[in-house]
Structure formats: structure tokens, C-alpha cells
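K.L.:
Okay, handing you the structure first.
The values are calculated or read from the model by the stated rules, or taken from the named source; none is laboratory data. Everything numeric here is computed off the predicted structure, so don't read it as measured data. Positions of Cβ are backbone-derived with ideal geometry, glycine not excepted, and every protein chain shown enters the neighbour counts. What goes into the accessible areas is simple: the full protein's heavy atoms, side chains included, and nothing from ligands, DNA or RNA. Shrake-Rupley method; radii C 1.70, N 1.55, O 1.52, S 1.80 Å.
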Amino acid sequence: MKLTPWWKEAVIYQIYPRSFNDSNGDGEGDLPGITAHLEYVQTLGVDAIWLSPFYTSPNKDGGYDVADPRDVDPRFGDLDDAKNLIKRAHELNLRVLADIVPNHFSDQHKWFQAALKAGRGSPERDRFHFYDANPDGTPPNNWISLFGGPSWTQVEDGQFYLHLFDSSQPDLNWDNADVNSDFEETLRFWLDLGVDGFRIDVAHGLVKEDIGKNHPDPTGLSNALRLDVEMDSDVRNALLESVPYFDRQGVHEIYRRWRKIFDSYGDREVMAVAEAWVHPPINATRYVRADELHQVFNFDLLTAPFNSVFLFDVITRSIELNATVNALPTWALSNHDSPRVASRIGDLESQALALFVFALPGSAYIFAGQELGLPDGELQNSDRQDPSFIRSKGAIKGRDGARVPLPWSGESPPFGFTTGKPWLPLNQSWSALTIEKGSTNPDSVLNLYRKALSLRAQFLAGSGEIQWLESPLHGTKSSELLVFKRGAISVFMNLSHNDLVFDLSGQVLLSSTNGSLNLNDNSVIPARSTVWILN
Ligand code: GLC
Ligand code: CA
């Protein structure tokens, strides 16, 4: 079924350009490498690609440190390569989302270089957050960077600048008119070049309050903001409600202005999705009010255990909260900032969960490699490049494991990703997980994804709300089975370690354990699996 607008219930494939495919043997993926393999992406049955940043950048934070947002970094190619990519994608009916990074620039951006030279009180410094030191010489406040260490760095004349991330990523001052107009120019630049929308990086961070004040517990706050730190949920929630640099009311005015730009492209159906990690969860819905953005990421599933109570709660909540603003949820199991889902919850479990969320209303995001069942890379500390690893002096391992390049073909690393030396080593053990093997093996995760996305398009997208069903089992076992019906499909997820046996009426369309399910025997839902039944 063709849905309008296209993004309502889309499947969006996230490409991390540096790790997708290397066309020139320098060991790093690039735009021509993506263009050359878009046909593969099309075979997955996705609607769009989202490209992580490929702009001019010293690459201190994987390109999320942008030195020129309207040009392509030479490591990835040039503007003509970007145009070719967009053109080829459109020929293949794939939309293209670019990643826009409005919270900060790189310290190599010409504005920051000018600010350093211009000195205190200058209009150049006003584009960032430059402040004098306290009388005792300490930074203006005690905030901690999300990558560890202080969030202030001192420049030669004694002033400090704010950076919520790496010291090479000075935060922009969104009260400054130049900042606003420059980003509007960047949005139009890429839209005029043909992109279909944007993923907005740190969308909740642009506006800051109380810069002159210390936070009562900056260390607790920075831990609460990290997905990999466990914390009592009441303590975490209380801390998250006190964060002075995220989710301030002012961000919404910015997105209202951006929405007018998007809508001015009319029939193009431009869309934007916000990376907004906010608390309490109801706040996320503000980003998708009718006059703001189109989608907002739901991060719950990036950390969710494979547990029926937890999954039932986050799924129900996300659907209900989005409904209050007439929006549909988004579902992502992996991205470039979190451990890959197969490593985090296991192979069977990650496939079961993927089939479960593909059947839900809303848009599904797939991080390149997830469709192969790829686990995290096994890295030595000497391989790691993430600024969070470097700034925390190794205490935080960082996100490189999820960013290891994709295995394309052959029996040994680098598996056709490059003819040179890959920027991060690929696991020796990935020979069965290559795109080449996945394409020929009917029981591969790759073919499971292809089947699931094609059945989703045929039976599920656009078919309205879900209805949770009572488990057909009784007693303790019932809590280990989640069941819902949507349109003509019933979806069963067995979270237990045992096969569950009962009478299913209907035809088995798909099972996440693939080959091991006897499609004639429709009375068994294998342990740790999801099954789609056509009623
Ligand atoms: C976002 C990106 C992440 C980056 C950070 C700073 O969270 O997803 O990769 O490090 O912003 O730009
Ligand atoms: Ca390259």
C-alpha cells in the first residue's frame, strides 16, 4: 500500500558513511561507495536512508564535529558525489535524510577560529557561549561534558567556552541571529540539492538556561544521561528533570520556524526526525506537535531488556503518548551510539524483537549491519577512536564497537569492505555474516529482514492500531508471551526459554527462527521467537 505522506510508516536505513563501503582503498567508507551499493539497500525493502554526517570535519567525533555544514569532507568525496548519491537513490525510489548538527560546530569552523581571534565581548564570540572565569579562576559553572571531564575549556585570554561534548565541539548560542540564519541556509542548501529531510542531532540541546549557576550534582547528572550507566530509576528521573541544558522550551520555537521551511517545499513531503532524549517521556511528544517536527526517536528499545513486562510497557506508552499529538512512534533497536542489538540481547532475541517492532504502527529504523545479525566489533583499546574513550582515559569504552565496517564478501577480513586497511578491524569470525553469504542462504537474518519488510508493506503498514490480546496460555507461562493483532496479522513473541505449544488458527507467514519452524506445524512458537500469523 502506498502511504501518504511517505514517512508516516516508513522503514529508514541508517548508514554510517565511514563504515559502509570504501570505493578508493583508503580504508574508510565514502559517498561513491554508498552510491555503488544502493541497489543492495533497495533489495531490503526500505523507504529511505539516513546518512550520518559526511560534511567537512576534523573527525574528532565521527563527523558530528562539523567544520563546514555545506560541503563534503574529502575523506567522503565531494559535492558532486553527494548529488550523484541523491540522484541514484531517487532513481531507486529511496528517499534521503541528511544529519544536521545544530548544537555545536567543530572548533575548526571558520566562526570559531574568528571568535578566538576577535576576543571578549565581540560579535564573533557571541555566536558561541564564551564567559569569563569566576573570580577564583574556575570555569563559569560546574557542568560536566557528556563525554567526561569539564564542559568548559579556557582560551588564551582567560575566557572559557561551553562544550557539552568534546572540547573540539563548541556549543552554539541559539540566541544569536547569525546562528539561526546560518542553519536556515544549511537546511535550504541540502533541500535544494535534493535531500528529503533531516535527522536532527541533539535536537533537545540547543537552548541553555542558568549558565551562571552550578548544578547541585553534576556527576550524578552526567551519569544519569549515559545509557550505559545503571542507576536507580527514581534517582535517575529526579536528576534528568533538573538538567539545565536539555529540553528547554526555547527549542520548540526553533523547530516551528524550521517546519515552515520544510513545508515551503510542498509536494516534496520533507520530513525531520529529532534525536531528543528527554524526560519525562511525555516531553518527547512536544517535538512532534503539528507545527513542529514529524518524528522523534524513542530510545527505550536501545536499552530494553528482553522482558515482556518492560517491552509491553514501553511499547504501549510510546503509542499512547504519540497519539496525544496525533503522531506515530518510531522504533530503533540499534544505532551508531549504542551496542548492536545482537550483542546486547543475543541473536535469537534480537531477531524476535525486530519482527515484533516491524509489525507495530509507526516508523522503523534499521542501523546498517543490523539486517545481517552483526554483533559489535571486537576491538583492542589501541583501535578505539571515540572521544568518550579518550576523554574518560579508557573508563568508558565508547561506541566504536557498533561502528566497525560492514562485511560484504569473501572469507576473511576486511570482507570486501575495502582493498586497503579498514579504519577499524572487522571480526575474524564474520565470514558467515557477509552480505554475499546472507543473500544466498535462505535462512539468513538478511533474508528474514527482506521477507519481514515485504510482508510489512503488504499487510501491516497503514493498517491502524494494534490490539493487545490475552495470551492463549494460562498461569505463569502467559507472562512470557506477548500477543497483538493488527489488521489481518496476529503477532506472537515467545520470550521464554521453552517452545510454547498451543493451537494457533491461521497461516504462519513468518517466524524469526526461520528454518527451524515447521510451517506446517502451526502449534509451536519456538523459544525466544516471534511468529506472524495471517488470520
Ligand atoms: C549525537 C550523535 C553522537 C554524537 C553527539 C554529539 O548524540 O548521535 O554520535 O557524538 O550527538 O554530536
Ligand atoms: Ca574511501
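K.L.:
Near the amide H of residue 11, under 5 Å away, which other amide H atoms are found, from residues 5 or more places off or on another chain, if H is placed in the peptide plane?
P.N.:
Residues meeting the criterion, in which the H sits 1.01 Å from N, are 47, 48, 364.
K.L.:
Under 14 Å from the Cβ of residue 197, count the other residues' Cβ atoms, weight Lys and Arg +1, Asp and Glu -1, and hand me the total.
P.N.:
Here the count lands on -4.
K.L.:
Report the extension gain between residue 395 and residue 133 in nm, rounded to one decimal, defined as 0.36 nm multiplied by the number of residues separating them, less their alpha carbon distance.
P.N.:
Separation in residues times 0.36 nm, less the Cα-Cα distance, equals 91.5 nm.
K.L.:
Please give the contour-minus-distance gain from residue 156 to residue 261: 0.36 nm per residue of separation, less the Cα-Cα distance, rounded to one decimal in nm.
P.N.:
Result for the pair: 33.9 nm of gain on full extension.
K.L.:
Given H placed on each backbone N at 1.01 Å, which residues far from residue 427 in sequence or on other chains put an amide H within less than 5 Å of it?
P.N.:
378
K.L.:
Put a dot 7 Å past each Cα toward the Cβ at residue 467 and residue 43; how far apart are the dots in nm?
P.N.:
3.9
K.L.:
Taking the full set of protein chains and a 1.4 angstrom probe, give the accessible area of residue 336 in square angstrom, rounded to the nearest 10.
P.N.:
Roughly 0 Å² of residue 336 is accessible to a 1.4 Å probe.
K.L.:
Between residue 383 and residue 505, what is 0.36 nm times their sequence separation minus the Cα-Cα distance? Round to one decimal in nm.
P.N.:
38.7 nm
K.L.:
A follow-up question, please. Scan around residue 277 for amide H atoms under 5 Å from its own, H built in the peptide plane at 1.01 Å from N, and keep only partners 5 or more places away or cross-chain.
P.N.:
Answer set, sorted by chain and number: 204.
K.L.:
With r defined as the distance between the Cβ atoms of residue 78 and residue 118 and R0 fixed at 41 Å, what FRET efficiency is calculated, to the nearest 0.05?
P.N.:
With R0 = 41 Å, the Cβ-Cβ based efficiency is 0.85.
K.L.:
Roughly speaking, what is the centre-to-centre gap between the range 128-162 and the range 169-191 when only Cα atoms are used, to the nearest Å?
P.N.:
23
K.L.:
Let me ask something else. Percent antiparallel among DSSP beta bridges with both residues in the chain, to the nearest 5?
P.N.:
Taking every DSSP beta bridge with both residues in the chain, the antiparallel ones total about 55 percent.
K.L.:
Next question. How much accessible surface area, in Å² rounded to 10, belongs to the heavy atoms of residue 382 with a 1.4 Å probe?
P.N.:
Approximately 110 Å² of residue 382 is accessible to the 1.4 Å probe.
K.L.:
Between residue 4 and residue 193, how high is the FRET efficiency from 1/(1 + (r/R0)^6) when r is the Cβ-Cβ distance and R₀ = 35 Å? Nearest 0.05.
P.N.:
0.90
K.L.:
Tell me, what is the 1.4 Å probe accessible area of residue 213, in Å² to the nearest 10?
P.N.:
120
K.L.:
Let me ask another. Setting aside same-chain residues fewer than 8 positions from residue 8, which lysines have a Cα under 22 Å from its Cα?
P.N.:
260, 451, 485
K.L.:
Rounded to the nearest 500 deg cm²/dmol, what is the calculated helix-only ellipticity per residue at 222 nm for the chain, with -39500 (n - 2.57) per DSSP H run of length n ≥ 4?
P.N.:
Estimated from H runs of four or more residues: -7500 deg cm²/dmol.
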